[in-house]
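Notes to accompany the following structure.
None of the figures in this text is laboratory data; all of them are computed from the coordinates on show. Note that the coordinates shown come from a computational prediction; the quantities given were computed from them, not determined experimentally. We place every Cβ from the backbone using ideal geometry, glycine too, and count neighbours over all the protein chains shown.
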Amino acid sequence: MSNQSIEVRKLTPSVGAEIFGVDLGGELGNREVEEIRSAFLENQVIFFRDQKMSTERFKAFGRHFGKLYIHPEPRFPVPGHPELLGIKADETSKSVAGEVWHSDVSCDPEPPLGSILHIHEIPANGGGDTVFASMYHAYDALSESMKKFLAGLTAVHEGDRVYKARRPENQKSGKTYLKAEHPVVRTHPETGRKALFVNRYFTSHIVQLKADESAGLLDVLYRHLESPIFQCRFKWQVNSVAFWDNRSLQHYAVWDYFPHRRLGHRLTICGDKPFYRD
């Protein structure tokens, strides 16, 4: 598939595409930005290869798509750049962020629109892929009866579940993190499509159900949405970039490269309050 100035090559028929013919480290014209936005909305996650960008150019690219988000609990902050998260794993790591299927910071009352990751160093012996799953297609594959049942449900998403577990000092500090109630199925504000919006990382329970009913239904939905038929898998190279839509996608960081290093920077774009509309 070719557009006016960029080339879009789908990774799978349902989710993911690589973008060619654009230099993110330079000044982007309005046409290029709109073509990138169109490819992003159509494919949910888009990838770029061989992109050399300064920190400022990286942030400038993100700002084309919205206000930059300040993460509530940056594991590896980047000094002087509060909008950036350091992505780091090496021989000292006990775990890495993203080893569970999730949508970024879904515990926020206005969860992020999307995230952009620029990888600077990859594991010497391979590994470190990221897997993405389309919540559009996961929703579409449900029975009509299940869709009707889910339409009136909301779920609580809690930051405590993730951020207190990351560091022992967080458990003792008394600090509380973001918490929000969102529809189990959300309507995408730009495409109008419906997507499942519960994830293993942040979702604690479904409000309208008893505890055992909630746990059982969430388990069914998780096992369903994590099916390989809804996924694409991206193999990173140095200076690769991924830009994914948190409103309609979940992702999983594969930590199969210990004790080797994987380094990069991520920025996140502010979103809006999820809603459901028939």
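For GLY114, the residues whose amide H sits under 5 Å from its own are ASN246, ILE269, ignoring neighbours fewer than 5 places away on the same chain, with H placed 1.01 Å from N. Go ahead and set up a Gaussian network model of the chain, Cα springs under 10 Å, then flag whichever of GLN208, GLN237, GLN51 fluctuates most. Fluctuation is largest for GLN208.
The loop-placed GluC sites (Glu not before Pro) in the range 175-218, going by DSSP, that have at most 16 neighbouring Cβ atoms within 10 Å of their Cβ come out as GLU190.
For the range 227-236, the Karplus equation 6.51 cos²θ - 1.76 cosθ + 1.60, evaluated at θ = phi - 60°, returns couplings of 5, x, 5, 9, 10, 10, 10, 10, 9, 6 Hz by residue, with Gly and Pro reported as x.
Averaging Cα coordinates gives a centre for the range 14-65 and one for the range 94-121; these two points are 18 Å apart. Contact order for the range 7-269, expressed relative to its length and based on alpha carbon pairs under 8 Å spaced 6+ residues apart, stands at 36 percent. Here the spin labels are modelled as points 7 Å beyond Cα on the Cα-Cβ line, and at VAL131 and GLU56 they lie 4.1 nm apart. Between the listed residues MET135, PHE243, ALA155, the Cα displaced farthest toward the positive end of the dipole of the range 7-269, a dipole computed from Cβ unit charges relative to the Cα centre, is found at ALA155. Whole-Hz Karplus values for the range 113-120 come out as 4, x, 9, 10, 10, 10, 8, 9 Hz, taken residue by residue from phi with 6.51 cos²θ - 1.76 cosθ + 1.60 and θ = phi - 60°; glycine and proline positions read x. Think of the chain as a dipole: +1 on every Lys or Arg Cβ, -1 on every Asp or Glu Cβ, centred on the Cα centre; then among ASN30, GLY86, HIS64, GLY86 lies furthest on the positive end. Its residue count N sets the reference 2.2 N^0.38 Å, and the alpha-carbon radius of gyration of the range 7-269 equals 0.99 times that reference.
Under the combined filter of DSSP loop state and at most 12 neighbouring Cβ atoms within 10 Å, the range 195-278 retains these chymotrypsin sites (Phe, Trp or Tyr not before Pro): PHE275.
Per-residue Karplus couplings for the range 262-269, computed as 6.51 cos²θ - 1.76 cosθ + 1.60 with θ equal to phi - 60°, are listed in order as 9, 10, x, 10, 10, 10, 10, 10 Hz, Gly and Pro entered as x. Close amide-amide hydrogen proximity is noted between ALA155 and HIS182, VAL184, VAL207, each under 5 Å apart and 5 or more residues distant or on a separate chain (H modeled in the peptide plane; Pro and chain starts excluded). Loop-located trypsin sites (Lys or Arg not before Pro) across the range 89-171 with a Cβ neighbour count of 15 or fewer within 10 Å are LYS94, with loop assigned by DSSP.
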